[in-house]
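Have a look at the structure below, then the notes.
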Amino acid sequence: SDGSIRLHQMTSEYPLMQWNDSTNGQSIIALQWALTRPAVFFVLDASSNIYIWDLLENDLLPVAKQTIPSENVVTMTLLGEPEKNNGLLGIALAKESGQIDIQYVKKKWALP
């Protein structure tokens, strides 16, 4: 609820990494690892901002932030085929009105 993210290893109760206030205090609505690139994950906050984290590029801050204007996004999920190396990775965004918006991610965050 405070925008902090913790990365845990299954064998320990203590986080390997912790990022406090990663969304400027906004609640995190959804977090999902990329299906095609293991070091990348996406975060959706309560203000409809999507943060892209690439731990191989920068493990302190997100590498990109995209605001979805016009309407509140209530959840997201990632679309892709991990067994294919075609670099296609999409984000399905569910909006408050019931509309679904699908956006494709740049290949640099999708390729294995």
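The values are calculated or read from the model by the stated rules, or taken from the named source; none is laboratory data. The structure displayed is predicted, hence computed values, not measured ones. Glycine gets a Cβ as well: all are built from the backbone with ideal geometry, and neighbour counts include every protein chain shown. When the accessible area is computed, the model is the full protein with side chains, heavy atoms only, and any ligands, DNA or RNA have been set aside. Shrake-Rupley method; radii C 1.70, N 1.55, O 1.52, S 1.80 Å.
Listed values, structure above:
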{"quantity": "Boolean, ALA34 is small (Gly, Ala, Ser), in contact with a strand residue (DSSP E or B) (Cβ under 8 Å, 6 or more places away or on another chain) and closer than 17 Å to LYS95 by Cα", "calculated": "no"}
{"quantity": "Hits in segment 17-43 (condition: under 25 Å from LEU111 (Cα atoms), among the aliphatic types (A, V, I, L, M), free of Cβ contacts under 8 Å to residues at least 60 places away in the same chain and not in a loop (DSSP other than H, G, I, E, B))", "calculated": "MET17, ALA30, LEU31, VAL43"}
{"quantity": "Matching residues, segment 10-20, being open to solvent by 90 Å² or more (accessible area, probe 1.4 Å) and farther than 15 Å from TYR51 by Cβ", "calculated": "MET10, THR11, GLU13, TYR14, LEU16"}
{"quantity": "Tally, over segment 35-61, of residues that are crowded, with 17+ Cβ neighbours inside 10 Å, out of contact with any helix residue (DSSP H, G or I) (no Cβ under 7 Å at 6 or more places or on another chain) and closer than 17 Å to PRO112 by Cα", "calculated": "5"}
